[in-house]
Amino acid sequence: MGPVTSTGSEAVGRVAHATPDAAAPGPSAATVERAARAARGHKQRQRVAVIIPAKDESRRIAATVRSARAIPHVDLVLVVDDGSEDNTQHVAREAGAVVVRHSHNRGKAAAMETGAAVVAMRDAPDRPPRHLLFIDGDLADTAVNTAPLVPPVLEGIADLTIALLPPQPGAGGRGIVVGAARRAIASMTGWTPTQPLSGMRCLTREAFEAATPLARGWGVEAGMTIDLLRLGFRVLEVPCELRHRPSGTDLKGQLHRAAQYRDVQLAVNARRARAAASNVRQTISPREQRPGR
């Protein structure tokens, strides 16, 4: 498996190839048909949960929830109120979301992990675990436009899909944080993403669990991408017509980007240190072959 991009970049990472036994008889037509019916049934039964980490989003969260509920295959919209000081939780619940709340602000990664845990508790034991679609709380009516992220995961083309957003009016960043994250991911995985900090992502339960614990703060997206690519999961960037509230050029926007840069660097450095430690262990203590094995 390896990353897949909408621009046709080469896949990197581990790719599993099955070598058939030439002497073994092929499956019968009936067996093939039964397998095809099972695959179709699995796809029909597969459900998706939307998880929306939110803090002080009372103005937009109702529109975001209503729009997210219209995404095909979605049967659960969950809002994780991460210590809001406004009435985000009440507005979200009235709009039709299931709401859980952190009593104080714990950060985006913690909200994502809480959301995934709640979804797991609501998964039926006789059905496949829901795929997870993470979206931002400020997408408002455009939230439904994250729908293209779902089919590649549903059909097994990708394990993780990432939304490519169009240019956002009023955005004040100069690309410093995005560039740093892009270069770090490329250096550690061999794949160069277009929008490494995009928070709109759909992934399988297996991929999410492989990526936990998530990187803290604003480093969650870069850390998740690095971890999953290095583990051999497939990643696909998908264009989505989304609009959200961008950070401006004022002091608040500059502080936000400074925090982003700090958290991305922390996430990347932690993974570089982990990779270096793994290489040292393999060098010092190589696996020894015992006689008779």
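Details
- Pairs, first in contact (Cβ under 8 Å) with a residue 40 or more places away in the chain in region 111-134, second open to solvent by 30 Å² or more (accessible area, probe 1.4 Å) and in a helix (DSSP H, G or I), C-beta under 7 Å, six or more apart: Arg127/Arg45; Pro128/His42; Pro128/Arg45; Pro129/Ala120
- Residue in region 229-245 that is buried (at least 17 other Cβ atoms within 10 Å of the Cβ), modelled with pLDDT under 80 and closer than 24 Å to Thr192 by Cβ present: yes
- Verdict on Asn269 being polar (S, T, N, Q) and at pLDDT 90 or above: yes
- Checked against the criteria, Met112 does not count as over 20 Å from Gly199 (Cβ atoms) and within 22 Å of the chain's Cα centre (by Cα).
- Candidate set from region 99-146 (those that are farther than 29 Å from Gln260 by Cα and not in a helix (DSSP H, G or I)); member that is most open to solvent (accessible area, probe 1.4 Å): Pro125
- Hits in region 57-98 (condition: buried (at least 17 other Cβ atoms within 10 Å of the Cβ) and of a type in the set (Lys, Arg)): Arg60, Arg66, Arg69, Arg93
- Pairs linking a residue in region 173-186 that is of a type in the set (Gly, Ala, Ser) to a residue that is at pLDDT 90 or above and buried (at least 19 other Cβ atoms within 10 Å of the Cβ), with Cβ atoms under 7 Å and 6 or more positions apart or on different chains, are Ala180/Val264; Ala181/Pro196; Ala181/Leu197; Ala181/Ala222; Ala181/Val264; Ala184/Ala222; Ala184/Val268.
- Hits in region 120-138 - residues which are aliphatic (A, V, I, L, M) and within 16 Å of Val65 (Cα to Cα): Leu132, Leu133, Ile135
The values are calculated or read from the model by the stated rules, or taken from the named source; none is laboratory data. Every value quoted in this text rests on a predicted model; they were computed, and no experiment measured them. Neighbour counts are summed over all protein chains in view; Cβ atoms, including those assigned to glycine, are modelled from backbone coordinates with ideal geometry. Surface accessibility is based on the protein's heavy atoms, side chains included, excluding ligands, DNA and RNA. Shrake-Rupley method; radii C 1.70, N 1.55, O 1.52, S 1.80 Å.
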